[in-house]
Amino acid sequence: MLRKPVCSAKAKAVGLLILLLLIGPIVSATSCTPGRTQLKIICAGSLIVPFQEMEKEFEAVHPDIDVVVEGHGSIQVIRYVTELATEADVVAVADYSLIPMMMYDNQVPGTSQSYADWYVKFATNRLGLAYTNKSKYAYRINATNWYDILSGTDIKVGVPNPLIDSCGYRALMMCQLAEAYYGDEAIFESVMGSFSPPVTVSDNIDTHVISVPEVLKPTKVTIRGSSVVLLGLLESGDLDYSFEYESVARQHGLGFVELPPEIDLSSQNFADVYSHVMVRLDFQRFASVIPEFRGEPIVYALTIPSNSSHPEAAAEFVEFLLGTEGQRVMSEDYQPTLVPAEVDNPANLPSRLRTLLAEQ
């Protein structure tokens, strides 16, 4: 199904946000009023719009707390905490698997404590293609011809960096899944083009393994640090299409090509289909983990790092996010929620969150 681009007041309001995303991470505030507790939320860039809305509503009922929201690609979100020593009170990412992979066996320096020992799954999404009215062939692209159009040498395609952003490695998965769905073994290479050194696809029993080198130099597509950074290039006409989550495209008033659920990583009904593809990152900075990601439905998750300076306030914010008001904000910003939220280690949750999740 094809959604036409729209130009809502809200889309115009986020124009400045797009411009700022080209400059660097989005930060909602940089200073704190004396006497207020500063609560730092580091989140996936795809969550920045609903989280900034929640920041306003949460502060209205908690005037003693100043919420600061900062967005990055999901891998980078966790690296800021575990490798770059950035203090965070809440971490929220677009791929739940990153939290146990990168935080559970990683100890806070000078302690025997891991950075986290629980996560809550709270949202989902769908992967597709974002575009504008200026994009070439915008009038005729759809779920059956998208890969033919993106294969054209005159079409400029944006891909989030898979070494930094979960949307990036999911875009690779989607193109690989498309080969089986459409019966065309040339889709991955024709859409993505070549890389130097190459991105390779090998078959391991029943799994297509996509190996990504540490340095990505594409000859066809344009790669940027995160999916939301590509939005500015779409708006300026420097890109025709970019791989994007549906919630982000709709928040920014962009057109969105909905793709079949067999390849868009949105449906639990096709989890087994998705599992036949894997992305392996050759990323030497992952010193203690194996950066392999098997295809599965998109699920967002959050945690409160064990070295949070304000764990009680962080739990209050998470309680707000998972409650009815937070769900309303997410719905208004086109971000599907997971209700009830799911936790992996309930015994490790802060007590007020155990109570909330038990009631859902």
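A few comments on the model shown:
- Per residue of the chain, the DSSP helices (runs of n ≥ 4 H) give a summed -39500 (n - 2.57) that works out to -8500 deg cm²/dmol at 222 nm.
- Loop-located trypsin sites (Lys or Arg not before Pro) in the range 236-334 (DSSP state not H, G, I, E or B) with no more than 11 neighbouring Cβ atoms inside 10 Å: Arg285.
- Percent of Cα pairs exceeding the 25 Å cut-off, where the set is the range 100-222: 38 percent
- Overall dimensions of the chain, expressed as equivalent-ellipsoid semi-axes from the Cα gyration tensor (√(5λ), whole Å, largest first), are 33, 23, 19.
- The residues of the chain have, on average, 41 Å² of accessible surface per residue, using a 1.4 Å probe with all protein chains present.
- Value of relative contact order over the chain, rounded to a whole percent, pairs C-alpha under 8 Å and six or more apart: 26 percent
- Rough spin-label spacing in nm, given labels placed 7 Å along Cα→Cβ, for Lys136 and Asp206: 4.0 nm
- Kyte-Doolittle mean at least 0.0 and Cα axial length at least 15 Å: DSSP H helices in the chain: 166-182, 311-322
- About its Cα centre, the range 205-348 has a charge dipole of approximately 520 debye under the convention of +1 per Lys or Arg Cβ and -1 per Asp or Glu Cβ, with nothing else charged.
- The distance separating the Cα centre of the range 169-209 from that of the range 236-287 comes to 13 Å.
- Extreme residue, positive dipole direction of the range 44-185, given options Ser166, Ser112, Gly128 (C-beta unit charges): Gly128
- Ser306, Ser196, ranked by accessible area, largest first (probe 1.4 Å): Ser196, Ser306
- Accessible area of the range 32-164 belonging to carbon and sulfur atoms, whole % at 1.4 Å probe: 47 percent
- Calculated FRET value between Ser236 and Glu189, using beta carbons and R₀ = 22 Å, to 0.05: 0.20
- If R0 is 22 Å, the Cβ-Cβ spacing of Thr37 and Gln113 corresponds to a FRET efficiency of close to 0.50.
- Expressed to the nearest 5 percent, the antiparallel share of DSSP beta bridges inside the chain is 60 percent.
- Cβ-based charge dipole, the range 251-312, positive-most Cα from Gly255, Ser275, Ser306: Ser306
- Surface share of carbon and sulfur [accessible, 1.4 angstrom probe, percent] for the range 272-360: 49 percent
- The lysine pair tally for the chain, using Cα distances under 17 Å and a gap of 8 or more places or different chains, is 11.
- Electrostatic dipole magnitude of the chain [Cβ: Lys, Arg +1; Asp, Glu -1; Cα centre; debye, to 20]: 880 debye
The values are calculated or read from the model by the stated rules, or taken from the named source; none is laboratory data. Just so it is clear, the structure is predicted and the values come from calculations on it, not from any experiment. Note that we place each Cβ from the backbone using ideal geometry, even for glycine, and neighbour counts take in every protein chain shown. The area values use the complete protein model at the heavy-atom level, side chains included, leaving out ligands, DNA and RNA. Shrake-Rupley method; radii C 1.70, N 1.55, O 1.52, S 1.80 Å.
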